[in-house]
Structure formats: C-alpha cells, structure tokens
1. Restricting attention to segment 118-164, and to residues there that are among the hydrophobic types (A, V, I, L, M, F, W, C) and touching an Asp or Glu at 6+ places or on another chain (Cβ under 8 Å), which single residue is surrounded by the fewest Cβ atoms within 10 Å (Cβ to Cβ)?
2. Which residue pairs have Cβ atoms closer than 7 Å, lie 6 or more positions apart in sequence or on different chains, and pair a first residue in segment 96-109 that is touching a residue at least 60 places away in the same chain (Cβ under 8 Å) with a second residue that is part of a helix (DSSP H, G or I) and of a type outside the set (Asp, Glu)?
3. Can you spot a residue in segment 119-137 that is of a type in the set (S, T, N, Q) and over 15 Å from the mean Cα position of the chain (by Cα)?
4. Looking only at segment 23-53, how many residues end up being hydrophobic (A, V, I, L, M, F, W, C) and surrounded by 14 or more Cβ atoms within 10 Å (Cβ to Cβ)?
5. Just checking, how many residues over segment 79-95 are of a type in the set (A, V, I, L, M) and either touching a residue at least 24 places away in the same chain (Cβ under 8 Å) or surrounded by 23 or more Cβ atoms within 10 Å (Cβ to Cβ) (or both)?
6. Is there a residue being modelled with pLDDT under 90, closer than 21 Å to Arg55 by Cβ and of a type outside the set (Lys, Arg) anywhere in segment 130-148?
7. With the requirement that a residue be hydroxyl-bearing (Ser, Thr, Tyr) and in contact with a helix residue (DSSP H, G or I) (Cβ under 7 Å, 6 or more places away or on another chain), what does segment 99-153 give you?
8. Wholly within segment 6-102, which helices (runs of 4 or more DSSP H) include no fewer than the required count, namely at least 2 residues that are modelled with pLDDT under 85 and over 12 Å from the mean Cα position of the chain (by Cα)?
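The values are calculated or read from the model by the stated rules, or taken from the named source; none is laboratory data. Computed from a predicted structure; not experimentally measured. Glycine also receives a Cβ, built like all others from the backbone with ideal geometry; neighbour counts cover every protein chain displayed.
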Amino acid sequence: MIDIEPIMSNDEKKLEEIYICLDNFLNGVEDSKFKEQCIVNIKMIEKMEAEGNSRAILIKGVCYEEGFFVKNLEKAKECYIRAYIDQKDPLALYEQATCLYMDKRYTDALEKCELAASRGNKFAMSWLGARYLSGGNGFEQNDKKALEYLRKGAEAGSAWGKMRF
C-alpha cells in the first residue's frame, strides 16, 4: 500500500507541534509551553504567515491576543479573519468571537461562536455553554442550552467543557 500522506517540511512539522501546543493552551494545559514555542519560533511563524499558512496566521493572532510580544486585539482579529477566510478554520471563528466579546460586541460574538460550534470547535461549544449558564452581556441565561453546549464541548475534548459539565 502506498502512503499518500503529504510530505511536510520541517517548518510545517514544527508549526503542527505549535498548533498542538495551542490546543493544550486553550484547554488550560501547558500554558507556558505554547508561549515558549511561539517566542522561540517567531521567525518561522512570521515566514509561514507571510506565505499565507492559515495555522501560522492563527497562531500569530493568539500571540497578539495574549500579549506574548505586544497585546493588540485589532491585529489579533485581523489574523483570525485572514485564517478563517483562507481555510474556514472554526478555531479562527472562535478566536474572532472572543475578541468581539472583549470589544463588547456581544451579538456579533454570539453569531461567530455559534457558527464555530456548529462547525465542530470544542472551545466554542464550551464557551457558549459558560455564557448561557451565567447569562448577561447579550446572552440570555438558559440552562438547557448551557448544558447542551457544555456536553458537546466535553464530548469533543474540551477540558474546560468536561470540568463544567
């Protein structure tokens, strides 16, 4: 049988490792490892971002949002929009939603996050569950929706969803 898995460059392999660290970071696991990987590999991330690699663009957005280099929500949002347009990455939609929420654009945040959840993003599912559980800021308190989203997030592998569910 022929192995048809695409051959990845060393940069692509490293970026994939960083993307896995991002998943752990968003799940509250190994926070410092993701930041460390971003700082150590920033030149490679920037090179791949310039080449249009959607994962590199997304990672750069998280770096801006978290303030690893300079905190800049506008640049973070730009990265998330580019990453979503390029690859329809639901994680980019979720990250857009969190930025919109921080900007107090609650209706827009809800719309983006529901779309990300409908496309399988576990963080969006858990985040929506938390918002519906507490209510406020554009979210009506709704225990049924909260439990549904938290259950879906937990089943999809969100540590935060598992903890809350």
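1. Within segment 118-164, the subset among the hydrophobic types (A, V, I, L, M, F, W, C) is 123-125, 127-128, 130, 133, 139, 146-147, 150, 154, 156, 159-160, 163.
The next check asks that each one be touching an Asp or Glu at 6+ places or on another chain (Cβ under 8 Å); those that pass are 124, 128, 133.
Numbers: Ala124: 29, Leu128: 28, Leu133: 17.
The residue in question is Leu133.
2. Close Cβ pairs (under 7 Å, with a partner that is part of a helix (DSSP H, G or I) and of a type outside the set (Asp, Glu)) do not exist here.
3. Going through segment 119-137, the residues of a type in the set (S, T, N, Q) turn out to be 121, 126, 134, 137.
Checking which are over 15 Å from the mean Cα position of the chain (by Cα) leaves us with 134, 137.
Yes, segment 119-137 contains a residue that is of a type in the set (S, T, N, Q) and over 15 Å from the mean Cα position of the chain (by Cα).
4. To start, the set of residues in segment 23-53 that are hydrophobic (A, V, I, L, M, F, W, C) comprises 25-26, 29, 34, 38-40, 42, 44-45, 48, 50.
Add one more test, that the residue is surrounded by 14 or more Cβ atoms within 10 Å (Cβ to Cβ), and what stays is 25-26, 34, 38, 42, 44-45, 48.
Total meeting the criteria: 8.
5. From segment 79-95, those of a type in the set (A, V, I, L, M) are 81, 83, 85, 91-93; that's our starting set.
This time we only want the ones that are either touching a residue at least 24 places away in the same chain (Cβ under 8 Å) or surrounded by 23 or more Cβ atoms within 10 Å (Cβ to Cβ) (or both), so: 83, 91-93.
Of the residues in segment 79-95, 4 are of a type in the set (A, V, I, L, M) and either touching a residue at least 24 places away in the same chain (Cβ under 8 Å) or surrounded by 23 or more Cβ atoms within 10 Å (Cβ to Cβ) (or both).
6. no
7. Looking only at segment 99-153, we keep the residues that are hydroxyl-bearing (Ser, Thr, Tyr), and these are 101, 106-107, 118, 126, 132, 134, 149.
Hits for segment 99-153 are Tyr101, Ser126, Tyr132, Tyr149.
8. Working: elements: 10-26, 31-40, 42-50, 54-66, 73-87, 90-102.
Of the helices (runs of 4 or more DSSP H) lying wholly inside segment 6-102, those with at least 2 residues that are modelled with pLDDT under 85 and over 12 Å from the mean Cα position of the chain (by Cα) span 10-26, 31-40, 73-87.
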